[in-house]
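For reference, the structure discussed in these notes is given below.
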Amino acid sequence: LYFVYVAMEESFVNTDEDMVKMMDVKELRRVDALREDMDYFYGTAWENEIQPSKAAKKYADRVIEIAKDKPRLLIAHQYTRYLGDLFGGQMMGSMAIKSLDLNEEKGTAFYTFNDIDNTTDFITMWYRKLNSLELTEQEKEEIVDEANYVFALNIEILEELEGSAMKAAWTVAWETFREKMGLA
């Protein structure tokens, strides 16, 4: 995901689209956290060695493409990635700590939002800003269509990592069930 977030965050900085800038909240930025995690897992020279996967490159290329041609569609990426990360971050971070046997302070920076005190309040504030944007019905539809495409791009990345997004989801659900039942 590192390469996707670099494309996103560089696009947010470089765009002239006011609506994208309004929705770009520094507390959600993930590139620095991803760099920290990559340093932990791959060492400090990883940037010279790690290349984006095929699916990650496709996703990053899409971000760059719409940043040039239809920058308002970046809102779909902000919504899908950042709010998904924030909403599911605590759960995913806990699962990563358990499944990878990590020290709670190493390798999970991506899932940590230190500058957000209350996730629910923050998400509510973000939605208010989103709903205040003066978008036409066509623009709303285009953003929703792009968000659906973003979900598909995310599934492609998961399938590369796990072989099957459904298998990954099932594995997480099964392990959580086993843990809750005291079978793990």
The ³J(HN,Hα) series, computed from each phi in the stretch 64-76 with the Karplus coefficients 6.51, -1.76 and 1.60 at θ = phi - 60°, rounded to the nearest Hz and given as x for glycine or proline, is 4, 4, 6, 4, 7, 8, 8, x, 4, 5, 4, 4, 4
Among the listed pairs Lys21/Lys54; Lys57/Lys129; Lys21/Lys140; Lys68/Lys129, give every one whose C-alpha distance is greater than 26 Å.
Lys21/Lys54; Lys57/Lys129
Which one of Ile75, Tyr59, Gly88 has its Cα pushed farthest toward the positive end of the charge dipole of the stretch 52-91, where Lys and Arg give +1 and Asp and Glu give -1 at the Cβ?
Tyr59
Can you sort Met22, Met8 by 1.4 Å-probe accessible area, starting with the largest?
Met22, Met8
When the convex hull of its Cα atoms is projected in every direction, mean area for the stretch 1-77 (nm²)
5.2 nm²
Per residue, how much accessible surface does the stretch 30-91 expose to a 1.4 Å probe? Answer in Å², no decimals.
56 Å²
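The values are calculated or read from the model by the stated rules, or taken from the named source; none is laboratory data. Because the structure is a prediction, the values reported are computed rather than measured. So basically every Cβ, Gly included, is an ideal-geometry build from the backbone, and we count neighbours across all protein chains shown. In case anyone asks, the SASA skips ligands and DNA or RNA and just uses the protein heavy atoms, side chains included. Shrake-Rupley method; radii C 1.70, N 1.55, O 1.52, S 1.80 Å.
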